[in-house]
1. Answer with a single label: of (i) 18.1; (ii) 19.3; (iii) 17.4, which was calculated as Kirkwood radius over Cα pairs in Å from the structure in view?
2. Assuming R0 = 41 Å, what is the FRET efficiency of Thr88 and Leu26, from their Cβ-Cβ distance, to the nearest 0.05?
3. Please list 3J(HN,Hα) in residue order for the stretch 125-142, calculated via the Karplus relation 6.51 cos²θ - 1.76 cosθ + 1.60 where θ = phi - 60°; whole Hz, with x for glycine and proline.
4. Residue by residue through the stretch 66-81, which ³J(HN,Hα) values in whole Hz follow from phi under the Karplus form 6.51 cos²θ - 1.76 cosθ + 1.60 (θ = phi - 60°), with glycine and proline marked x?
5. HN-Hα J couplings of the stretch 48-59 from phi, Karplus 6.51/-1.76/1.60, θ = phi - 60°, integer Hz, Gly and Pro as x?
6. Once you have a ≥ b ≥ c as the square roots of the Cα gyration tensor eigenvalues for the stretch 126-228, tell me rounded if a/c is under 1.5, and otherwise prolate or oblate according to whether a/b is larger than b/c.
7. Over the stretch 2-235, what is the mean sequence separation of C-alpha contacts under 8 Å (at least six apart), divided by residue count, expressed as relative contact order in percent?
8. At 0.36 nm per residue, minus the direct Cα-Cα distance, what do Ile73 and Ile228 gain on full extension? Give it in nm, one decimal, please.
Amino acid sequence: MKKIAFVLLITLLSISVYSQGVRMGLTASPQVSWMKSDASTISSDGSQFGFNFGLMTDFFFAERYSFSTGLMINNTGGKLKYGEDTLTFKTNDKTYELHPGTSIKYKIQYIDIPLAFRMESNQIGYFVYYAQFGVTNHFRVGASADIEGETFEIVDDVKSIKNISINGAGCKDEIDLYSMGYNIGAGANYYFSKNTAITFGLLYTNGFIDVTSNKNKQIKDNVSLRSITLKVGVLF
């Protein structure tokens, strides 16, 4: 974790030193996210609507080329259904032995630090069009889960199955502290004055580091977090 933070700091400092100009902005962007496991017994069971918002900065190293970064609060997640295997799931106050067929809706809050290469067109009327690709670093700050299904319960040494419906149970131990995904997107900036613009576009993010923790799982799967974001913001 310290090594990752150090590399990010050095990268951002290097970008700022060699940049030829800096442009900053604010964004508040709606998104749809979902989770997908590489295990055949675990299926994606729905998407989640959320927002990410924060500060974005472009460091230009040429007239129409820049490194784009920022600091975002990202509210995201998804829903998984665990098919054939019993799942041990730990919340902040209890550990559940979940019966096969249980669905879990993960709600995750990250601090995001994106790093992307950005290319822009010449200004055409009031518009400048752009494309970008890079990576997004996710640092978990909060996680909770809604659980619908069945759990095993032992009463008087007898193991039985009990229906459960849990909303908003804290589950930080089930979500890894750090994750990463690649991002690719395109859009446009609408300049209504010389240096001020409204920016909008679509951004697709696909995780390639496991989002969930495998410490309590019987199946050592890899769960990727994916999202489509409608980027909306103001550039200064």
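1. (ii)
2. Numbers: r = 42 Å, r/R0 = 1.03.
Between Thr88 and Leu26 the formula returns 0.45.
3. Values, residue by residue: x, 8, 10, 10, 9, 9, 9, 8, 8, x, 10, 10, 9, 10, 10, 5, 10, x Hz.
4. Karplus-based 3J(HN,Hα) across the stretch 66-81 equals 8, 9, 10, 9, x, 9, 10, 9, 10, 9, 9, x, x, 10, 10, 10 Hz.
5. For the stretch 48-59, the Karplus-derived couplings read 9, 8, x, 10, 10, 8, x, 9, 10, 9, 10, 9 Hz, x marking Gly and Pro.
6. Working: a/c = 3.98, a/b = 2.79, b/c = 1.43.
Prolate, because a/c is 1.5 or more and a/b exceeds b/c.
7. Numbers: 656 pairs, mean separation 46.6, N = 234.
Normalised by residue count, the contact order of the stretch 2-235 is 20 percent.
8. Values: separation 155, 0.36 × 155 = 55.80 nm, distance 1.57 nm.
The Ile73-Ile228 span can extend by a further 54.2 nm.
Laboratory data are not the source of any read-out in this text; all were calculated from the coordinates shown. For clarity, every value in this text was computed on a predicted model and none was experimentally measured. Neighbour counts run over all protein chains shown; Cβ positions are idealised from the backbone, glycine included.
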